[in-house]
Each structure stands twice: as structure tokens, then as C-alpha cells.
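As C-alpha cells, the structure follows; a few thoughts come after it.
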Protein chains: 2
Amino acid sequence: MTTQQVATNVTWHDGEVTRADRGQLLKQKGATIWFTGLSGSGKSTVAVALEKVLHQRGHLAYRLDGDNIRLGINKNLGFSAEDRTENIRRIGEIAKLFVDTSVIVLSSFVSPYRADRDVVRALHAEAGMDFIEVYVEVPLEEAEKRDPKGLYKKARAGLIKNFTGISDPYEAPEAAELVLHTAEMTLEAEVETLLKMLTERGIVHAA
Amino acid sequence: MTTQQVATNVTWHDGEVTRADRGQLLKQKGATIWFTGLSGSGKSTVAVALEKVLHQRGHLAYRLDGDNIRLGINKNLGFSAEDRTENIRRIGEIAKLFVDTSVIVLSSFVSPYRADRDVVRALHAEAGMDFIEVYVEVPLEEAEKRDPKGLYKKARAGLIKNFTGISDPYEAPEAAELVLHTAEMTLEAEVETLLKMLTERGIVHAA
């Protein structure tokens with residue numbers, strides 16, 4: 001599938017209400033917090049925990065989740081390299097729409113390819129939007145030991161093809177804004193670290 | 001392109017913060033207001049005006065616009081019947097994500113095919129979400145006279161193929177929640193009618 005612009009005769013429509021106006025209404029700044037890491041690394045767990053704390057503090061956050069997205073907008077995509085790239089591209093564009101709404105996006109996808117993540121980073125940069133890559137790091141052995149969905153077991157048995165870490169590569173970030181070593185941190189410490197960063201960047205107000 | 005579920009081994013993750021929680025935070029109920037009608041009918045104009053009034057009242061709304069979406073997530077789609085269908089399907093799924101965030105979505109797309117709009121309606125109904133179809137009606141002659149982007153002229157000259165109303169059909173809604181006859185109404189009256197409906201449905205609070 002091409003990612004070239006197909007439709008012509010289209011122009012960008014600016015509304016009268018701006019991103020900044022919506023940010024003022026919500027008393028926050030929209031941003032994409034992009035959690036990447038192996039299946040079982042703890043991406044969803046930390047995203048769910050962060051979402052809860054943000055909500056308790058009166059902030060509007062929304063989780064985009066690999067599985068949820070794949071049951072909806074990206075239901076027509078599989079796990080080939082081409083489909084993975086299109087999957088991440090679409091999610092990046094959706095995240096941008098949410099950031100434009102001034103929502104804090106918590107996206108948790110394996111997103112194994114560096115080039116794909118960098119596309120999303122560039123999309124945000126072009127639009128002057130915050131993109132915060134969080135590498136949710138765990139040794140493969142540990143992820144495989146956790147195996148919360150039993151997927152590694154299936155992958156090892158050859159029942160799942162193109163499985164990241166087993167039969168498909170995971171390209172670790174080289175310059176993530178934050179690395180969380182989930183095998184060595186409590187969930188509370190992870191959330192605290194994230195909140196500190198979001199406050200320092202002016203995305204949320206101090207508690 | 002298929003719309004069958006391709007990925008297996010995926011399950012829906014419920015967060016601890018619900019749609020209702022977010023609605024309580026925003027003091028509103030998420031909903032999709034789906035404006036449909038010919039190019040030049042006034043869809044974007046009324047969406048922009050409604051967005052402004054909603055914001056002034058402290059509500060969080062976001063416009064999804066045909067042109068904007070086609071420059072981002074749907075940049076790899078054209079105007080064939082198949083691409084139009086995929087275009088609307090993706091927009092419907094994005095709208096659902098926003099409704100789940102409790103945002104009021106104002107989508108303005110020609111969305112000429114009844115079956116495509118009904119797919120989006122069904123997607124919302126399945127999820128217990130409000131979908132409000134607003135037929136922005138104008139006689140073709142009037143739309144062609146307005147021709148704000150000079151597109152009808154190009155279509156008549158054969159420079160644009162698959163142009164709705166000229167070389168591609170527009171299937172008018174048969175049971176829209178609201179019809180706005182923009183050739184006979186002021187913009188103020190259109191916005192007032194919409195606000196009244198949104199209040200009656202409990203999407204926004206009374207002014």
C-alpha cells in the first residue's frame with residue numbers, strides 16, 4: 001500500500017477554535033506518549049496506571065492500544081512488515097488528531113521497527129507536536145517468562161508467524177526520551193517518573 | 001481492500017478509566033455529529049460555527065474534515081468507490097475513538113453512499129454510542145453556483161473524475177436525525193437547531 005498522497009484538490013481547513021484554545025479549556029497540553037517494547041514488557045500495564053493517575057488529577061488522557069486498534073480501524077491489517085508499517089503510520093496520524101484536540105495520548109504498541117517510529121516522530125515534529133518515546137525495556141527471557149497472553153509459547157511452537165523477538169526483529173530505540181526497565185522498577189516508580197517528565201515538559205500542571 | 005478481521009490473537013483491553021468517567025470530567029457526552037451533503041452544501045461552514053459555539057460554552061469538540069483527513073491518515077486513498085468506502089470506514093472508526101474519549105465529533109464529509117454511512121451508524125450502535133446524521137441539503141444547482149473551491153467547474157470540464165453530483169452519485173439520507181436546508185436557513189438558525197438537539201439528547205448541558 002502506498003503512502004503517497006493520492007487525492008488532489010484538497011486543502012487544509014483551519015477552524016476558528018485552535019489547539020491552544022482547547023488546551024486552555026482542558027488546562028493541559030496535548031502530547032503523544034509512545035510506549036514501545038516487546039510483547040509482555042509492561043507497556044499496557046504502565047499506560048493503564050498512568051491513565052488512571054492522570055484522570056484523578058483532572059486530565060483528559062486516552063489510550064490507543066495495539067489490540068484495540070487492530071479490532072477497529074486497522075482490522076484489515078496483518079503482521080507482515082508492510083502491514084506493520086501501515087499500522088503504525090495510521091496510529092501516528094490518529095495520535096496527531098488527538099494531540100490536536102489537546103488530549104494526552106498513551107499509545108502502547110510493540111512498534112518494533114525504528115523507521116516506523118521515526119515516521120511518527122517526524123509527523124509530530126512537522127506539526128509542532130510533542131512526541132515522547134518511552135522504551136519499555138525488559139530482557140526477552142523475562143518477557144517470555146511472563147508471557148501474559150501465552151503468545152510466546154505459541155510463537156515458539158510455530159503457531160504464530162512474524163512474532164516480535166522470536167521470528168521477527170525488535171529494533172530498540174537509540175534515543176528514547178525515557179527508558180523504563182520494568183524488570184527492576186515498581187509500577188508506582190514508573191508512573192512517578194512519567195508524571196515528573198510530563199510536568200517538566202508543561203504537558204500537565206504540577207499536582 | 002478487505003475489511004475482514006486479519007489479526008488474530010488480539011483481545012479488547014478495558015482500561016480502569018471508562019468513557020463515563022471521561023464524560024463526567026468534561027461534563028458532556030461524546031457523540032458523532034455526521035454532516036453529509038454535496039460539495040458546497042455548507043457542511044464545513046456549519047461544523048466550524050457549531051465548534052465555536054460549543055467551545056464558548058466550555059465543551060470539547062473536534063472537527064474531522066474530509067480534506068484534513070485525506071491529507072493525513074487517508075492520504076493513501078483516492079475517490080474510487082472502493083477507496084471512498086474505506087475512507088468512510090476509517091473515519092467512522094476514528095470517530096468512535098473520539099466518542100470513547102467523550103469528545104463531541106463534528107465530521108463533515110460528502111460521504112455520498114448510504115451503505116457507507118450506515119456502516120458507521122452500525123459501528124456506533126454496536127458500541128452504544130450516539131450517531132447523529134445531519135443531512136446538509138442544498139439543490140445541486142445552488143451548490144454548483146456557490147462552487148467555493150471551483151471544483152464543479154473543473155468536474156464539468158472533465159478535469160476531476162468521480163465528482164459527486166456530476167460524475168458520481170449522491171445518495172441522500174432517508175432517515176437522517178436532522179435535515180438542514182442551507183439555501184433557506186441562516187447559519188445562526190442552523191447552529192441553534194443543532195444546539196437544541198444536542199441539549200435534548202443530553203450531549204451538552206443547557207446554556
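The values are calculated or read from the model by the stated rules, or taken from the named source; none is laboratory data. Small disclaimer: the values here were computed from a predicted structure and weren't measured. Cβ coordinates were reconstructed from backbone atoms using ideal geometry, including for glycine residues, and neighbour counts include every protein chain displayed.
May I ask you to verify whether residue A:78 is under 23 Å from residue B:87 (Cβ atoms) and buried (at least 23 other Cβ atoms within 10 Å of the Cβ)?
no
Which residue out of B:126, B:133, B:137 is over 15 Å from residue B:203 (Cβ atoms) and either touching a helix residue (DSSP H, G or I) at 6+ places or on another chain (Cβ under 8 Å) or surrounded by fewer than 20 Cβ atoms within 10 Å (Cβ to Cβ) (or both)?
Unique residue meeting the criteria: B:126.
Being within 7 Å of chain A (Cβ to nearest Cβ) and under 22 Å from residue B:188 (Cβ atoms) is the filter; apply it to segment B:24-52 and report the residue that is surrounded by the fewest Cβ atoms within 10 Å (Cβ to Cβ).
If we take residues in segment B:24-52 being within 7 Å of chain A (Cβ to nearest Cβ) and under 22 Å from residue B:188 (Cβ atoms), then B:52 is surrounded by the fewest Cβ atoms within 10 Å (Cβ to Cβ).
Tell me, please, whether a residue that is free of Cβ contacts under 8 Å to residues at least 60 places away in the same chain, in contact with a Pro (Cβ under 8 Å, 6 or more places away or on another chain), part of a loop (DSSP other than H, G, I, E, B) and closer than 18 Å to residue B:40 by Cα can be found in segment B:163-178.
yes
Six or more apart or on different chains, Cβ under 9 Å: which pairs go from a residue in segment B:37-59 that's closer than 21 Å to residue B:26 by Cβ to one that's hydroxyl-bearing (Ser, Thr, Tyr)? Could you list them?
From segment B:37-59, the pairs are B:47/B:107; B:47/B:108; B:48/B:108; B:51/B:62.
Of all the residues that make up segment A:155-200, how many are of a type in the set (D, E, K, R) and either closer than 18 Å to residue A:145 by Cβ or in contact with a helix residue (DSSP H, G or I) (Cβ under 6 Å, 6 or more places away or on another chain) (or both)? Explain how you work it out, then say what you get.
So the first thing to find is which residues in segment A:155-200 are of a type in the set (D, E, K, R), and the list is A:156, A:161, A:168, A:171, A:174, A:177, A:184, A:188, A:190, A:192, A:196, A:200.
Now restrict to residues that are either closer than 18 Å to residue A:145 by Cβ or in contact with a helix residue (DSSP H, G or I) (Cβ under 6 Å, 6 or more places away or on another chain) (or both): A:156, A:171, A:184, A:190.
The number of residues fulfilling the criteria is 4.
Could you please give the count of residues in segment A:77-95 that are within 7 Å of chain B (Cβ to nearest Cβ) and in contact with a Leu (Cβ under 6 Å, 6 or more places away or on another chain)?
Qualifying residue count for the region: 0.
Listed here are the residues, each with its yes/no results for (1) closer than 18 Å to residue A:62 by Cα; (2) of a type in the set (S, T, N, Q); (3) touching a Lys or Arg at 6+ places or on another chain (Cβ under 9 Å).
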residue	(1), (2), (3)
A:101	yes, yes, yes
A:131	yes, no, yes
A:136	no, no, yes
A:152	no, no, yes
A:195	yes, no, yes
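If only one of B:60, B:50, B:71 is under 21 Å from the mean Cα position of the chain (by Cα), modelled with pLDDT under 95 and of a type in the set (A, V, I, L, M, F, W, C), which one is it?
Every option except B:71 fails the conditions.
Which ones in segment A:53-76 are more than 8 Å from every other protein chain (Cβ to nearest Cβ) and part of a helix (DSSP H, G or I)?
Scanning segment A:53-76 gives A:53, A:54, A:56, A:69.
For segment B:172-197: of the residues being in contact with an Asp or Glu (Cβ under 6 Å, 6 or more places away or on another chain) and small (Gly, Ala, Ser), which is nearest to residue B:54 (Cα to Cα)?
B:176
With (1) assigned to a helix (DSSP H, G or I); (2) at pLDDT 95 or above as the list, and residue B:106 as the residue in question, which single condition is left unmet?
Against the list (1) assigned to a helix (DSSP H, G or I); (2) at pLDDT 95 or above, residue B:106 comes up short only on (1).
Out of all the residues in segment A:86-101, is one or more assigned to a strand (DSSP E or B), in contact with a helix residue (DSSP H, G or I) (Cβ under 9 Å, 6 or more places away or on another chain) and in contact (Cβ under 8 Å) with a residue 12 or more places away in the chain?
No, because not a single residue in segment A:86-101 is assigned to a strand (DSSP E or B), in contact with a helix residue (DSSP H, G or I) (Cβ under 9 Å, 6 or more places away or on another chain) and in contact (Cβ under 8 Å) with a residue 12 or more places away in the chain.
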